[in-house]
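Chemist: The following block contains the structure, expressed as structure tokens.
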Amino acid sequence: MSSELLIKNGRVIDPANGIDKECDVLILDEKIAEVGKIEKKAQTVIDATGKLVVPGLIDIHVHFREPGDEEEETIASGSSAAVAAGFTSVVCMPNTRPPIENETDIEYVHRKARQARKTHVYTMGAITKNREGVELAEMGFMAEAGAVGFTDDGNGVQDPAVMLRALKYAAMFDIVIAQHCQNNGFAGNGVMNAGYYSTILGLPGTDAMAEEMMLWRDIELVRKANVRYHAQHISTAGSVELLRAAKKDSLPITCEVTPHNLLLTEQCCAEYDTNYKVNPPLRTEKDIEALNQAVSEGLVDALVTDHAPHLQSEKELEFLAAPFGIASLECALGLYVKALLEPGILDWSGLIELMSARPAKIIGVDRGTLGKGKQGDVTIIDPDAEYKVDITRFRSKSRNCPYNGWKLKGQVEKTIVGGEIRFSADS
Amino acid sequence: MALKRKSKQLRWRRKHLLGLRELSAEEITHILDTAKGFAQISTRSVKKAPPLRGKVVVNLFFEDSTRTRNSFALAASRLSADVVEFTKKASSVTKGETLLDTAKNLEAMGIDIVVIRHSAAGAPRLLSRNINAGVINAGDGYCEHPTQGLLDVYTIRKIKGTLEGLKIAIVGDIAHSRVARSDMWAMSKLGAEVTFVGPPTLIPGEVDKLPVKVSYSLDEVIEKVDVINMLRIQFERLGGNPFPSVREYSHYFGLTVERMKRAKPDILVMHPGPINRGLEIESEVADGSNSVILEQVKNGLAVRMAVLFLVNQAAAQAD
């Protein structure tokens, strides 16, 4: 059965093809058929006057907690949250219990995603067995099963010899190795940024250098191995410096930033509110400035949420005992509008590019554009609609979101995945 | 009662005492003045006053303590409150009953004030946001120990008359000390010049933004100060080995008879206890004529009575 979906009169932004104009988009049988002035009729017609019509958004860093912590999130609940937030593709991190570390695990994630039938769900596999940083996991089999990258996320590979081995081995598959940069020995038992606030709050801090020294090491390893490497959620001014130099040397390195590291500082921890406990930690104004500068220079390749759902009962613990993580998938776009669009650091086209085409390239999937014949993944956004973040209405199973009550602009109207409307704000 | 007249300058509104950082100099002074009124109760033959009659105070201690716990218990009972002792090892993991569950269970029994000690910084604040009872911090991790800070400034003020212009050294493991933090806030707010003294490995980060000076040399500082507060090495909180040996630490930072010879003759020697004799302080100094260590303990009782009294009053007004 063939299907036709015509989106009329929207402002179509397709950064990969340099398009930003008012026109129509036709999707035929799951694929983009045409972008331009389209006069013909279609089974389904959406009037997108005054709206943005963009490639389906992609978040390459989420935690859907399945298998192992289904009480916090499942692939089904996470997928529902994702489409409601305009994401047509997400990449799950492998730090589940047990971790995603073989082809069966990869297939399990894909099966759960198919059953949920919301967003495309990709997953990365672990670099090492049990994410212990010692022995390589079966990267080849995982890549064949559809893994879009490897990472021991949450637990950076500490041993440089193991990391170099992983990078070299990954070269066989042209697949990205992603790293949570943190030297664990140096970070110690830190629960927030090391600085004035950790001192007066009496909490152990994680120094910015814990991130930077591993990033520096990895950049040098990449120089040796010459394989694609992705620095996850960078958070410090020093990391920006390192990446600027690495990119100048044309190393195959990419990086991502999170909304919380763009919007919040260590000062937020002053009342011991565990919704601000996150790793890497919230840093300083100076770091935010550097990250903003990095975004405006084009050094940052992807905007991600690092959506990390946790139970309220876990987040109600003492700051020292509560788990790290912020659940922000459902307000991601509005947060980026606030962090990057409103201050004029990016325009819409720049913002969409970092949420579609460029992250797609990092994970090597043929998505993130509205080119003819590409996947019919489209997000329709009302750029001016203002809304209030209300955690009680989240589709995610978790509520550990410090943005509750924030007023944000940029509301997702419809999310179309493979030509099918999977989310509609008015239904 | 004498207390009523004292409170003319300020109306106490805090239902919780979580730390000294957020208190104004006036508020601190108000507590000290209130404590002065209570001090004389302990000198009477009947050591009891009625202001907390019918109230229930819970001593919720998740960390070992002898001095502070007993001091609070005695203070509460002198004010005629009923005291419930609740001692439990804090679970640092998510297993077991959470702090909030424990507190809510206690609250269901109808308590009025919780005195909490916990190894996790911020635990009293977490509690105060989630229960109706007044919360008094009896030490949280290495964040604050407000009643210790108060009894320290009370003791200094009682002997020296004022803190204005005094030079005070706090010596030892500053990084892991809640006493150092509470002392710093109270002493600096009351006009003293505070110097943290210790090895650089035990001085916390960005200390330059705090209202203190820093020195790595006790020998340089000892001659200049009016008060010296010797901290205990918190062996249970040290990570790694911030100094090579106890011997070497004592050599540089121990308060010895030898060092005391260069101190001002009327220097006050303080220690929050428990003392490691021969480590941070020699016995002769701890027991010597400049030592006010036991005076601190005595004053702690009056200060805690004042804090219980004020917190209870504010809680009653809030209801």
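The values are calculated or read from the model by the stated rules, or taken from the named source; none is laboratory data. Note that the structure is predicted; figures quoted are calculated from it, not measured. Don't worry about glycine lacking a Cβ; one is built from the backbone with ideal geometry, like all the others, and counts go over all protein chains shown.
Chemist: Failed condition for B:Ile156, given (1) modelled with pLDDT of 95 or more; (2) within 13 Å of chain A (Cβ to nearest Cβ), with all others met?
Modeler: (2)
Listed here are the residues, each with its yes/no results for (1) within 14 Å of chain A (Cβ to nearest Cβ); (2) in contact (Cβ under 8 Å) with a residue 12 or more places away in the chain; (3) surrounded by fewer than 19 Cβ atoms within 10 Å (Cβ to Cβ).
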position	(1), (2), (3)
B:Pro199	no, yes, yes
B:Pro211	yes, yes, yes
B:Asn229	no, yes, no
B:Gln234	yes, yes, yes
B:Gly240	yes, no, yes
B:Ser250	no, yes, no
B:Phe253	no, yes, no
B:Lys261	no, no, yes
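Chemist: Filter the range A:234-262 down to residues that are part of a strand (DSSP E or B) and free of Cβ contacts under 8 Å to residues at least 60 places away in the same chain, then give me how many there are. Don't jump to the end; show me each part of the working.
Modeler: From the range A:234-262, those part of a strand (DSSP E or B) are A:253-257; that's our starting set.
In the following step, the residues that additionally are free of Cβ contacts under 8 Å to residues at least 60 places away in the same chain were identified as A:253, A:255, A:257.
Residues in the range A:234-262 being part of a strand (DSSP E or B) and free of Cβ contacts under 8 Å to residues at least 60 places away in the same chain: 3 in total.
Chemist: Same structure again: How many residues, within the range A:383-412, are more than 20 Å from the chain's Cα centre (by Cα) and either within 16 Å of A:Val54 (Cα to Cα) or among the charged types (D, E, K, R) (or both)?
Modeler: 7
Chemist: Would you pick out the residues in the range B:116-135 that are of a type outside the set (D, E, K, R) and surrounded by fewer than 24 Cβ atoms within 10 Å (Cβ to Cβ)?
Modeler: Our first condition is that a residue be of a type outside the set (D, E, K, R); within the range B:116-135, this holds for B:116, B:118-124, B:126-128, B:130-135.
Matches in the range B:116-135: B:Ser119, B:Ser128, B:Asn130, B:Ile131, B:Asn132, B:Ala133.
Chemist: Right, here's the next one. Could you please find all residues in the range A:124-154 being crowded, with 23+ Cβ neighbours inside 10 Å and either of a type in the set (Phe, Trp, Tyr) or in contact with a Leu (Cβ under 8 Å, 6 or more places away or on another chain) (or both)?
Modeler: Listed by number, the residues that qualify are A:Ile127, A:Thr128, A:Phe150.
Chemist: Separate question: Identify the residue in the range A:206-228 that is within 14 Å of chain B (Cβ to nearest Cβ) and touching a residue at least 60 places away in the same chain (Cβ under 8 Å) and, among all such residues, is farthest from A:Glu271 (Cα to Cα). Please lay out each step first, then the result.
Modeler: So in the range A:206-228, the residues within 14 Å of chain B (Cβ to nearest Cβ) come out as A:206-210.
Add one more test, that the residue is touching a residue at least 60 places away in the same chain (Cβ under 8 Å), and what stays is A:206, A:208.
Details: A:Thr206: 18, A:Ala208: 22 Å.
Out of the qualifying residues, it is A:Ala208.
Chemist: Same structure again: When you check A:Leu263 against the structure, is it more than 14 Å from chain B (Cβ to nearest Cβ) and more than 14 Å from A:Ile234 (Cβ to Cβ), yes or no?
Modeler: Working: more than 14 Å from chain B (Cβ to nearest Cβ): yes; more than 14 Å from A:Ile234 (Cβ to Cβ): yes.
So A:Leu263 passes the test.
Chemist: So which residues in the range B:126-184 are among the basic types (Lys, Arg) and either part of a helix (DSSP H, G or I) or within 25 Å of B:Lys15 (Cβ to Cβ) (or both)?
Modeler: Pass one, the range B:126-184, residues among the basic types (Lys, Arg): B:129, B:157-158, B:160, B:167, B:178, B:181.
Those that are among the basic types (Lys, Arg) and either part of a helix (DSSP H, G or I) or within 25 Å of B:Lys15 (Cβ to Cβ) (or both): B:Arg129, B:Arg157, B:Lys158, B:Lys160, B:Arg178, B:Arg181.
Chemist: Further, regarding this structure: Assess whether A:Ala290 counts as being in a helix (DSSP H, G or I), under 21 Å from the mean Cα position of the chain (by Cα) and within 29 Å of A:Ser89 (Cα to Cα).
Modeler: Details: in a helix (DSSP H, G or I): yes; under 21 Å from the mean Cα position of the chain (by Cα): yes; within 29 Å of A:Ser89 (Cα to Cα): yes.
In short, yes.
Chemist: So which residues in the range B:138-162 are closer than 18 Å to B:Asp226 by Cα, touching a Gly at 6+ places or on another chain (Cβ under 8 Å) and crowded, with 24+ Cβ neighbours inside 10 Å, if there are any at all?
Modeler: Once the filter is applied, which keeps residues that are closer than 18 Å to B:Asp226 by Cα, touching a Gly at 6+ places or on another chain (Cβ under 8 Å) and crowded, with 24+ Cβ neighbours inside 10 Å, the range B:138-162 yields only B:Leu151.
Chemist: Here is a further query. Give me the pairs: first residue in the range B:12-23 and more than 16 Å from B:Val179 (Cβ to Cβ), second residue buried (at least 18 other Cβ atoms within 10 Å of the Cβ) and among the hydroxyl-bearing types (Ser, Thr, Tyr), beta-carbon distance under 6 Å, and six or more apart or on different chains, which are they?
Modeler: Pairs that qualify, where the first residue is more than 16 Å from B:Val179 (Cβ to Cβ) and the partner is buried (at least 18 other Cβ atoms within 10 Å of the Cβ) and among the hydroxyl-bearing types (Ser, Thr, Tyr), are B:His16/B:Ser128.
Chemist: Among the residues of the range B:96-135 satisfying the criterion of being in contact with a Gly (Cβ under 9 Å, 6 or more places away or on another chain) and facing chain A (nearest Cβ under 9 Å), which is nearest to B:Val58 (Cα to Cα)? First the steps, then the outcome.
Modeler: Start the filter on the range B:96-135 by keeping residues that are in contact with a Gly (Cβ under 9 Å, 6 or more places away or on another chain), which leaves B:112-114, B:116-125, B:128.
Then keep just the ones that are facing chain A (nearest Cβ under 9 Å); that gives B:118-123, B:125.
On the way: B:His118: 14, B:Ser119: 17, B:Ala120: 19, B:Ala121: 19, B:Gly122: 18, B:Ala123: 15, B:Arg125: 16 Å.
Checked the range B:96-135; the qualifying residue nearest to B:Val58 (Cα to Cα) is B:His118.
Chemist: Would you tally the residues in the range A:1-46 being outside any strand (DSSP E or B) and over 29 Å from the mean Cα position of the chain (by Cα)?
Modeler: Pass one, the range A:1-46, residues outside any strand (DSSP E or B): A:1-3, A:15-18, A:29-30, A:37-43.
Pick out the ones that are also over 29 Å from the mean Cα position of the chain (by Cα) and you get A:1-3, A:37-43.
Residues meeting the conditions: 10.
Chemist: Could you go through the range A:296-308 and let me know if any residue there is in contact with a Gly (Cβ under 7 Å, 6 or more places away or on another chain) and in the same structural domain as A:Ala270 (by TED's automatic domain parsing).
Modeler: Initially, the range A:296-308 is screened for residues in contact with a Gly (Cβ under 7 Å, 6 or more places away or on another chain), giving A:308.
Okay, now just the ones that are also in the same structural domain as A:Ala270 (by TED's automatic domain parsing), so A:308.
Yes, because at least one residue in the range A:296-308 is in contact with a Gly (Cβ under 7 Å, 6 or more places away or on another chain) and in the same structural domain as A:Ala270 (by TED's automatic domain parsing).
Chemist: Hey, among A:Gly202, A:Gly238, A:Gly190, which residue is within 14 Å of chain B (Cβ to nearest Cβ) and surrounded by fewer than 21 Cβ atoms within 10 Å (Cβ to Cβ)? Outline the logic, then answer.
Modeler: Values: A:Gly202 fails: surrounded by fewer than 21 Cβ atoms within 10 Å (Cβ to Cβ); A:Gly238 fails: within 14 Å of chain B (Cβ to nearest Cβ).
Going through A:Gly202, A:Gly238, A:Gly190 in turn, the sole match is A:Gly190.
Chemist: Read through the list (1) outside any helix (DSSP H, G or I); (2) closer than 20 Å to A:Val191 by Cβ, then give the number of the only condition that B:Val114 fails.
Modeler: Failed condition: (2).
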